[in-house]
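S.K.: One structure follows; several queries about it will come next.
The values are calculated or read from the model by the stated rules, or taken from the named source; none is laboratory data. Bear in mind the structure is a predicted one, so any value in this text is a computation, not a measurement. Note that each Cβ is placed from the backbone with ideal geometry, even for glycine, and that neighbours are counted across all protein chains shown.
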Amino acid sequence: MQNLLQSGHHPKTAGRYALVNPFAGLCRCICGSALVMQKSKKFRPRLVCQNQSHCHQKSILYQEFEKIILQILKQQLPEIVCRRNPDGLKQKILHQQISEIHGQQEKLYDFLERGIYSEEIFLARQKALSEKYQHLACQLSEEETSTEILKLSDMLELLESPEMPASVKNQFFRSVIREIIYSRNEQISLKLVLRI
């Protein structure tokens, strides 16, 4: 989970200010402008299009927006987990392919010792197997880190806590969501583009 949270871009904040919008850098209005958080002592925080005077999209209460996003993520969680790690099947296949490469490398040395392969053929085959091994090892490490997605459901539960700092929420949302496109004329419409 740490890898997920540490990856990605961090939103800019002025030196003495802390991040207050957990969706900073993720939310866009349908017109393409960013959604910004408006806070006031008299009113609850809202997300508003920076270009609202021209695009005329209605604002949304921050709490309502966050609730909808968390609901969408919870609904899509089983699909995300299945898509990334269907019973570890891909990992098993990658382990099997890596063990086959080890067997091929042993045969390669055997063919060299018997004189079936010349040194040139041996070096060419060894290089090809080495490249294939590195590619599979890279895929396997990516697949093993994707098992961290299984921890997403626990993290989603924690995000509902109002005490969690906006910067931590922002890191999590950025690790899972690439972009959120918002529109609201009569009804709220949110489109999530996931990283996973």
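Residue-wise test of (1) farther than 26 Å from Ser33 by Cβ; (2) at pLDDT below 85.
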site	(1), (2)
Gln96	yes, yes
Asp110	yes, no
Arg125	yes, no
Glu143	yes, yes
Leu150	yes, yes
Arg178	no, no
Tyr182	no, no
Leu190	no, no
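S.K.: For a quick check of your reading of the model, give me the residue pairs whose first member lies in region 91-110 and is part of a helix (DSSP H, G or I), whose second is of a type in the set (A, V, I, L, M, F, W, C), with beta-carbon atoms closer than 6 Å and at least 6 apart or on different chains.
M.R.: Leu94/Leu136; Leu94/Leu140; Gln97/Leu136; Ile98/Leu136; Ile101/Leu129; Gln104/Leu129; Gln105/Leu129
S.K.: Hey, another quick one. Looking at region 111-133 only, could you name the residues that are among the charged types (D, E, K, R) and either surrounded by 15 or more Cβ atoms within 10 Å (Cβ to Cβ) or not in a helix (DSSP H, G or I) (or both)?
M.R.: Hits for region 111-133 are Arg125, Lys132.
S.K.: Out of all the residues in region 179-196, which are more than 14 Å from Phe65 (Cβ to Cβ) and either surrounded by 13 or more Cβ atoms within 10 Å (Cβ to Cβ) or in contact with a helix residue (DSSP H, G or I) (Cβ under 8 Å, 6 or more places away or on another chain) (or both)?
M.R.: Scanning region 179-196 gives Glu179, Leu194, Arg195, Ile196.
S.K.: Scanning for something small (Gly, Ala, Ser), on the phi < 0 side of the Ramachandran plot and at pLDDT 90 or above, does region 32-52 turn up at least one residue?
M.R.: yes
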